[in-house]
Amino acid sequence: MLHSVALKTLHDQRRSLVGWVVAVVLLVLMYAAIWPSIRDQPSMSDFLDQMPEAFRSLFATAGADMSTPVGYIQIELMSFMGPTLLILYAVGQGSSAVAGEEDRHTLDLLLGSPVSRARVVLEKAGAMVLGTLGLAVATGAALVLVGRLFDLSLPAGRTAAAMLHLALLGLVFGALALAVGAATGSPGRSRGVAAAVAVLAYLVNGLGGLVDWLRPFQRLSPFYQYAAHDPLRAGVSWPAVVVAVLTVAVLVAAAVWGFGRRDVRG
Amino acid sequence: MSSAPVERDDAIRAEAVIETHGLSKSFGHAVALRDLDLTLARGEVFGYLGPNGAGKTTTLRLLMGLLRPTRGSARVCGYDVWHESTSVRRHVGFLPGEPALYPTLTGLQHVDYLSHLRGADPYPRALVLAERLDLDLDTPSRDLSKGNRQKLAVVLALMPQTRVLVLDEPTSGLDPLAQQELHTLMREHVDGGGTVLLSSHVLGEVQRVADRVGLLRKGRLVAVDRLDALRARSLHHVHATFDAPVPVAAFAGIDGVRELSVVDHTLTCAAPEASLDRIVKALGQFPLRDLTCTEAELEETFLAYYGRGEDDAA
């Protein structure tokens, strides 16, 4: 199991990943269990319709409709809670990759071995990608399988598409945390910058449709790539996937560059 | 991942195993190391001596590619320590000053992981080292005592049997038996043609194992000498009391005498071993009441010959 930096990192993740999966499954279970009573309450949709537009565009993606399974999950899980969890997970992994290990001083042990700094970053990024995808797969599987128990039927293919975009959303901020952590060695700064940018990106996307001067920036938000095309209904948007993957690649390259030219603290 | 590298060109590339030229490191405005010129050969233990904060750890971290030189350069086994750091580390076993381990991993898991990072199966040598240092490899490192964590870090640094060992205060926290065993291991390493760079602020340790000693003060290497040469010059404190006042002139001309003071009936001075004979003969001219002669600590000898005045230079 401990045959490479990537495998070691996954080995370290395994306990916390199990915890995250359990949490996500419980969350999905809770949403699914409430679903039958929500479905039978048409007033919920009226309530949504009456919400201020700004509020709706922040908390509910396009075409919010609580009376269908897809609309319900979109509002309850995909618009806020799901992204929050995936981003938290990926940012945690990204910041602990280099900065966390440096903070715990174990980087000396690792870099006492003939392993290049670039390889450390790349293998740790790989482990972050696998862990985040794993969490997204678990979330999607829980949605489809648990949903069936409560008559909350979601199309498996579209759910998978939505999970792909959800994982990519998390990874963009995870890669940002990785890059900041690799360049500074500070886990706090790494998480702080990633969280601040995530909140900003969320607001820009949510309000971009309403506020004129924000509109040009809306498309830059990873949240726009994630949800603007409505993946639970429309499936995968390949341009959005490409943008997200490129963003992650550029940030990982920045992490390699930033880490490769600085002092490592003892 | 490639398997253990072929070392065919290394023997040619490096008779000087470690070589630094004007190696300097500053952190902001603070200069941690200035213009270090140092060459280490095959088959020697080099004791890198100096008080805490003198720049020993900075030097070692520069050699390991953990710090980027501000000026100057260094090569280990022929490889540049910054630009070819990965190759350097293939030939070096490194023990950091305050080694941190992975808390949940056992000793064996550490051995497993770090062996694979060198492209090898777990080194059998690790078991031998653990046995010799009396270390249990089955305990998670967080449950080990400080001394045992240090032992594990030593095992990890020594197990690949690299040509060079860079050890930062390796015996700190070790019990005397383990210290002794580690000294034996260092001697075995150089007897097999290896090289050890050993940093320490404990003089006794360096005295026991080193072939050469370098003294670092405030970021400057102020002296390098062979330990046996240093011993020959080892400073002695002479304190003599006479029945009657004696003239200073009778002693002032003796070669190597320092800090000579004659007050009334009493003489004190410091002198290297080589001057003792002449001092005793000079003392014999006068009726002597009492005489003591004690050997100074090596560090004092060191400072007496090389170190004075450095306080102003930093």
At a Förster distance of 56 Å, what's the computed FRET efficiency of A:Trp257 paired with B:Gln285, Cβ-Cβ distance as r, to 0.05? 0.15
Please list A:220-232, B:268-280, B:201-213 highest first by mean number of surrounding beta-carbon atoms within 10 Å per residue. A:220-232, B:201-213, B:268-280
If one compares the long axis through the Cα atoms of helix A:187-208 with the longest principal axis of the Cα atoms of chain A, the angle in degrees, nearest 10, works out at 30
Show me the ranking of peptides A:178-190, B:76-88, A:122-134 by mean Cβ neighbours inside 10 Å, starting with the highest. A:178-190, A:122-134, B:76-88
Please compute the average number of Cβ atoms from other chains found within 10 Å of each residue's Cβ in peptide A:6-14. 2
Shielding by partners for A:101-111, please: the mean number of other protein chain Cβ atoms within 10 Å of each residue's Cβ. 6
About its Cα centre, how strong a charge dipole does the protein assembly as shown have in debye, to the nearest 20, once Lys and Arg get +1 and Asp and Glu get -1 at the Cβ? 1420
Evaluate the relative contact order of region B:85-228 (contact order divided by residue number), counting alpha-carbon pairs under 8 angstrom at least 6 apart; express in whole percent. 23
Roughly what angle does helix A:156-184 make with the longest principal axis of chain A, taking Cα atoms, 0 to 90 degrees, to the nearest 10? 40
Of A:Lys124/B:Lys146; A:Lys8/B:Lys151; B:Lys56/B:Lys146, which ones are farther than 27 Å apart at the Cα? A:Lys124/B:Lys146
What average count of beta carbons from other chains do you get within 10 Å of the Cβ of residues in B:54-61? 1
How far is it, in nm, from the label point at B:Leu203 to the one at B:Arg258 when both lie 7 Å from their Cα along the line to the Cβ? 1.2
Highest average packing first - A:148-154, B:259-265, Cβ atoms within 10 Å: A:148-154, B:259-265
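Can you give me the Rg/Rh ratio for chain A, using Cα atoms for both radii and the Kirkwood formula for Rh?
That ratio equals 1.01.
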How far apart, in nm, are two points set 7 Å out from the Cα along the Cα-to-Cβ line at A:Asp212 and at A:Met30? 4.2
Nearest 20 debye, what's the magnitude of the dipole of chain A about its Cα centre given +1 on Lys and Arg Cβ and -1 on Asp and Glu Cβ? 800
For A:Val91, net neighbour charge (Lys/Arg +1, Asp/Glu -1) across residues whose Cβ lies under 14 Å away: +3
Taking R0 as 30 Å, what FRET efficiency do you get between A:Ser45 and A:Leu130 from their Cβ-Cβ distance, rounded to the nearest 0.05? 0.15
Residue separation times 0.36 nm, minus the C-alpha to C-alpha distance between A:Ala23 and A:Ser67: what's the value? 13.3 nm
Rg (one decimal) and Dmax (whole number) from the Cα set of region B:87-227, in Å, equal 15.1, 45
In a shell of Cβ-Cβ distance under 15 Å around B:Asp290, excluding B:Asp290 itself, what net charge do Lys and Arg (+1) and Asp and Glu (-1) give? -1
Label-reachable residues, region A:90-107, where backbone N falls under 15 Å from a point 7 Å from A:Ser16's Cα toward its Cβ: A:90-106
Between helix A:117-149 and chain A: long-axis angle, C-alpha atoms, 0 to 90°, nearest 10: 20
Taking 4 °C and 1.567 mPa s as the conditions, I'd like the Stokes-Einstein D for the protein assembly as shown in µm²/s, using the Kirkwood hydrodynamic radius from alpha carbon pairs. 46
At a Förster radius of 45 Å, what calculated FRET efficiency corresponds to the Cβ-Cβ distance of A:Arg219 and B:Lys146, to the nearest 0.05? 0.20
Report the convex hull volume per residue for chain B, counting only C-alpha atoms, in Å³. 159
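Every number in this text was worked out from the coordinates using simple rules, so none of it is lab data. Note that the coordinates shown come from a computational prediction; the quantities given were computed from them, not determined experimentally. Cβ atoms come from the backbone with ideal geometry, glycine included; neighbour counts cover every protein chain shown.
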